[in-house]
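As structure tokens, the structure follows; a few thoughts come after it.
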Amino acid sequence: MTSKFYEMIPMEDEDRWGVSITDSENKFFGVSAMYGSVSAKELGDGTAQLSFHYDVIDNPWDVDVSGNDLHNVLGEALEDILYTSLESGEYRMGDKVESGTADN
């Protein structure tokens, strides 16, 4: 799966996945991160707030990844991945692989 600013990357010997920032205009270009736990909390207004952990696995330009900026970029990528997966009906929750439409 590729988007205009990130690319999903497989993790060897891991049951997780990551992303690499592919937009050369983004200050985190080339940075790769592996997602850990992901959760969503439903808010009272009908929206949800994502929470997630990640580990930076590659930082070829040694950019500062300590602030919230990278977290926000990775959050945008994660949101896109989740929406795309739900729309296609192909996603995995825990150990269960779901297939079909998001309306099941």
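The values are calculated or read from the model by the stated rules, or taken from the named source; none is laboratory data. Quick caveat: nothing in here was measured; it's all calculated off a predicted structure. Here Cβ is always computed from backbone atoms with ideal geometry, including for glycine, and neighbour counts include all displayed protein chains.
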### Query
Do the conditions hold for Ser51, that is, is it surrounded by 14 or more Cβ atoms within 10 Å (Cβ to Cβ) and in contact with a Ser or Thr (Cβ under 6 Å, 6 or more places away or on another chain)?
no
Subset of segment 23-35, residues more than 14 Å from the chain's Cα centre (by Cα) and not polar (S, T, N, Q), comes to Asp23, Glu25, Lys27, Phe28, Phe29, Gly30
Restricting segment 13-34 to residues that are outside any loop (DSSP other than H, G, I, E, B) and not aromatic (Phe, Trp, Tyr), the one surrounded by the most Cβ atoms within 10 Å (Cβ to Cβ) turns out to be Ala33
Of the listed residues (Ala33, Ala77), the one being within 19 Å of Phe5 (Cα to Cα), in contact (Cβ under 8 Å) with a residue 40 or more places away in the chain, of a type outside the set (Lys, Arg) and in contact with a helix residue (DSSP H, G or I) (Cβ under 6 Å, 6 or more places away or on another chain) is Ala33
Taking first residues from segment 85-96 that are farther than 17 Å from Ala40 by Cα and second residues anywhere that are modelled with pLDDT under 80 and outside any loop (DSSP other than H, G, I, E, B), the pairs with Cβ under 9 Å that are 6 or more apart or on different chains are Gly89/Glu98; Glu90/Val97; Glu90/Glu98
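Residue-by-condition table, conditions (1) within 11 Å of the chain's Cα centre (by Cα); (2) more than 21 Å from Glu90 (Cα to Cα):
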site: Lys4; (1), (2): no, no
site: Ile21; (1), (2): yes, yes
site: Ser37; (1), (2): yes, no
site: Lys41; (1), (2): no, yes
site: Asp45; (1), (2): no, yes
site: Ile57; (1), (2): no, yes
When segment 61-94 is checked residue by residue, the ones that are surrounded by 12 or more Cβ atoms within 10 Å (Cβ to Cβ), at pLDDT 95 or above and not in a helix (DSSP H, G or I) are Val63, Val65
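Is it the case, given these coordinates, that Ser37 is part of a strand (DSSP E or B), modelled with pLDDT of 90 or more and of a type in the set (Gly, Ala, Ser)?
In short, no.
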